[in-house]
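S.K.: Please find one structure pasted underneath; my questions will follow.
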Amino acid sequence: MKTVLTATAIALAATFGAVSANAAVKVGGVPVMQTAPANGVPLLINGAGVVDMGGKMAAAVYLPQNTTSVSNIMTMPGAKSIRLTAISNMSADALAKALDAGVKKGVSAAQYASFKPAMDAFSKQLASVKQIAKGQTVELLFEPSNGIVLMGPGSHIIPGTGNAELYQAMLRMLPAGVLSNTSIQKQNING
């Protein structure tokens, strides 16, 4: 009987551990997941906060492992993800303009010119969405072999475009607490 109770306790602990690893944290009143899959590899939330991207959005950055170093965030090998969840209904066009303006502000004119085809593709895809409803997420997933994959609400997906430098420019648009937040990271460990 003691063995059965011990096995049951271990199974329950494993179940609750698995549930808490994917449990959402609230950012700006909307749930943001603690992990994000990237081709079967789990990415951990590294930071989160509210940003203005043409409307208030809960932003979260996911990495293969947690770090507080901005340099490590920028250069860490493997997939990375920025997830933007609308806090209220907003225009997808406004998000596209905010992404474009943020990238343009943080790079040289020559760099921006090289990023322009990818930024235009993101804008075109977001324009087809029209509106992002409260709670809907737009994800910018960087995969080293594919570039940046934009996943919008519903089935609005644009295949990989852009490169690591463009993704770094997108990361630099975000406030420090969204890039890295130790209290958010502790939730990955403690669940």
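The values are calculated or read from the model by the stated rules, or taken from the named source; none is laboratory data. Not measured: the values here are computed from a predicted model. In this analysis, Cβ positions are derived from the backbone assuming ideal geometry, glycine residues included, and neighbour counts consider all displayed protein chains. Protein only, heavy atoms only, side chains kept; ligands, DNA and RNA dropped before computing areas. Shrake-Rupley method; radii C 1.70, N 1.55, O 1.52, S 1.80 Å.
S.K.: Say we look at the stretch 96-117 and pick out the residues that are open to solvent by less than 70 Å² (accessible area, probe 1.4 Å) and either without any contact (Cβ under 8 Å) to a residue 12 or more places away in the chain or touching a His at 6+ places or on another chain (Cβ under 8 Å) (or both); which of these is nearest to LEU166 (Cα to Cα)?
M.R.: The qualifying residue nearest to LEU166 (Cα to Cα) is TYR112.
S.K.: Next question. Name the pairs whose Cβ atoms lie under 9 Å apart, with the first residue in the stretch 165-186 and without any contact (Cβ under 8 Å) to a residue 40 or more places away in the chain, the second open to solvent by 50 Å² or more (accessible area, probe 1.4 Å) and not hydroxyl-bearing (Ser, Thr, Tyr), and 6 or more positions between them or separate chains?
M.R.: none
S.K.: In addition: Being buried (at least 20 other Cβ atoms within 10 Å of the Cβ) and over 18 Å from PRO77 (Cβ atoms) is the filter here, so list the residues in the stretch 141-156 that pass it.
M.R.: LEU150, GLY152 - these are the residues of the stretch 141-156 that are buried (at least 20 other Cβ atoms within 10 Å of the Cβ) and over 18 Å from PRO77 (Cβ atoms).
S.K.: Would you mind finding the one in ASP120, ASP93 that is closer than 22 Å to ASP52 by Cβ, surrounded by fewer than 21 Cβ atoms within 10 Å (Cβ to Cβ) and of a type in the set (D, E, K, R)?
M.R.: Only one candidate passes the filter, namely ASP93.
S.K.: Mind checking whether some residue in the stretch 124-140 is open to solvent by 60 Å² or more (accessible area, probe 1.4 Å) and under 18 Å from the mean Cα position of the chain (by Cα)?
M.R.: So far as the stretch 124-140 goes, yes, one or more of its residues are open to solvent by 60 Å² or more (accessible area, probe 1.4 Å) and under 18 Å from the mean Cα position of the chain (by Cα).
S.K.: Would you check if VAL25 is within 23 Å of PHE142 (Cβ to Cβ), more than 12 Å from the chain's Cα centre (by Cα), open to solvent by less than 70 Å² (accessible area, probe 1.4 Å) and modelled with pLDDT of 95 or more?
M.R.: no
S.K.: Would you pick out the residues in the stretch 157-175 that are crowded, with 17+ Cβ neighbours inside 10 Å and at pLDDT below 90?
M.R.: ILE158, THR161, GLY162
S.K.: Sticking with this one: Filter the stretch 123-150 down to residues that are of a type in the set (Val, Ile, Thr) and touching a helix residue (DSSP H, G or I) at 6+ places or on another chain (Cβ under 7 Å), then give me how many there are.
M.R.: Result for the stretch 123-150: 4.
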